Amino acid sequence: AQSVTQLGSHVSVSEGALVLLRCNYSSSVPPYLFWYVQYPNQGLQLLLKYTSAATLVKGINGFEAEFKKSETSFHLTKPSAHMSDAAEYFCAVSPRDDKIIFGKGTRLHILP
Amino acid sequence: GAVVSQHPSWVICKSGTSVKIECRSLDFQATTMFWYRQFPKQSLMLMATSNEGSKATYEQGVEKDKFLINHASLTLSTLTVTSAHPEDSSFYICSARDLGGPSPYEQYFGPGTRLTVT
């Protein structure tokens, strides 16, 4: 069975500081992995995706994530936080051609 | 490309009435559509999966007679909440997938519909 664990329901970082949102997954088959961002009362926007190509994936808005099979992790990072990054972030796993399983989400707060 | 729309974006209805939410894929053919429900400050919960022309497959615990899903065409799926009650108030999000497209594993999400039942 597939599952996703996001460590930390809330993360606070100062503007300009490194953003690190943690995600660990469990999958019985090589997975596809995703990070989505959700702003209040809006749908989900895809930040980036891993589909078994390069392990370091670059996404939109300066975000990137690294797939580490040995650690079953897919952490999301951004070198310098911006106030507009404040939102809810969801990590998700898909066992290919099947449903997407979402983590519980991490609320990112940016401190001025 | 790969835009999904939902209508309405928000709706208020009285308890006991039914409300229909539309999900459309604007620039691709959605072979599969998904309906999610999201409670405040929580993650998305998959309600059902529908393939065009077939009956929807509901997740365990989702009442199929209460949440009617129709996927009559490759660009439109509808979710009808029948005999709505205040506990049905939630944010409903649809997504669509094109199994014949360049990214068959990817789901494209709509902007969501806020349902409030009074």
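The values are calculated or read from the model by the stated rules, or taken from the named source; none is laboratory data. This one's a predicted model, so the numbers in the text were calculated from it and none came from an experiment. Neighbour counts are summed over all protein chains in view; Cβ atoms, including those assigned to glycine, are modelled from backbone coordinates with ideal geometry. Calculation scope for accessible area: heavy atoms of the full protein, side chains included, ligands and nucleic acids excluded. Shrake-Rupley method; radii C 1.70, N 1.55, O 1.52, S 1.80 Å.
Using C-alpha pairs under 8 Å with a sequence gap of at least 6, the mean separation divided by the residue count of chain A gives a relative contact order of 38 percent. Can you pick out the pairs among A:Lys99/B:Lys55; A:Lys69/B:Lys64; A:Lys68/B:Lys41; A:Lys58/B:Lys55; A:Lys99/B:Lys41; A:Lys104/B:Lys14 whose Cα atoms lie more than 27 Å from each other? Too far apart for the 27 Å limit: A:Lys69/B:Lys64; A:Lys68/B:Lys41; A:Lys58/B:Lys55; A:Lys104/B:Lys14. Across chain B, C-alpha contacts under 8 Å between residues 6 or more apart give a mean separation that, scaled by the residue count, equals a relative contact order of 36 percent. Looking at segment A:42-89, the GluC sites (Glu not before Pro) that sit in a DSSP loop and have at most 12 other Cβ atoms within 10 Å of their own Cβ are A:Glu71. How much net charge surrounds A:Tyr36 when only other residues with a Cβ under 12 Å from its Cβ are counted (Lys, Arg +1; Asp, Glu -1)? With Lys, Arg at +1 and Asp, Glu at -1, the net is -1. Per-residue shielding of B:96-109, expressed as the average number of other chain Cβ atoms within 10 Å of the residue Cβ, stands at 3. The A-B contact accounts for roughly 1600 square angstrom of buried accessible surface, both chains included, probe 1.4 angstrom.
Accessible area per residue was computed with a 1.4 Å probe on protein heavy atoms; B:His7 scores about 120 Å². Protein-only accessible surface at a 1.4 angstrom probe places the residues B:Tyr36, A:Tyr39 in the order A:Tyr39, B:Tyr36, largest first.
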